[in-house]
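For reference, the structure discussed in these notes is given below.
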Amino acid sequence: MYNVNALLNDDQRTADYHPANQRIILALRTAVMQTHNRQDAVASMASILGSARAASALVHVLRMIGEYWPEPVMVQPPCCQMVSMDERLVIGLITAAVQDNRPGYDNMLCEMVDEDVRDHIYNAIQAFIGPYIVARITSH
């Protein structure tokens, strides 16, 4: 089960994460950087995640988060070894969804967004998980 207190640890490095989560962190950073530069992020993200479907689904998750988050989403540059609070939160949300831990997921977001928004983001994360898992299985 995901440890919500781990979100508060400011000293987390990408190397502390499972390789599947490291790829998600890099994909998040790539999406933000390329969107900022008005470039399509899906192709770059697909090479990181192993699937264009997973990349498109994660872009949808990020768009929803960007729309509903109370503050701008902060990510580190792609080459940075440290993990931002928002990156940790996104990994925590995805982990909770993978573990079918809806109470843990809701606990992480309940003070940020209302229940309807949490539902929409959760469903978007669920739509990302399937293609990403398939991509990880078929790439080995």
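Each reported figure results from applying straightforward, stated rules to the coordinates on display, with no laboratory input. As the structure is a prediction and not an experimental result, all values here were calculated from the model. In this analysis, Cβ positions are derived from the backbone assuming ideal geometry, glycine residues included, and neighbour counts consider all displayed protein chains.
In region 113-140, how many are of a type in the set (Ser, Thr, Tyr) and more than 17 Å from the chain's Cα centre (by Cα)?
Residues of region 113-140 of a type in the set (Ser, Thr, Tyr): 122, 132, 138-139.
Filter once more, keeping what is more than 17 Å from the chain's Cα centre (by Cα): 138-139.
Final tally of qualifying residues: 2.
Does region 67-83 contain any residue that is closer than 20 Å to GLY130 by Cα, surrounded by 16 or more Cβ atoms within 10 Å (Cβ to Cβ), of a type in the set (A, V, I, L, M, F, W, C) and under 13 Å from the mean Cα position of the chain (by Cα)?
no
Picking from GLU71, GLU87, GLU115, GLU111, which residue would you name as being among the charged types (D, E, K, R) and in contact with a helix residue (DSSP H, G or I) (Cβ under 6 Å, 6 or more places away or on another chain)?
From the options GLU71, GLU87, GLU115, GLU111, the qualifying one is GLU87.
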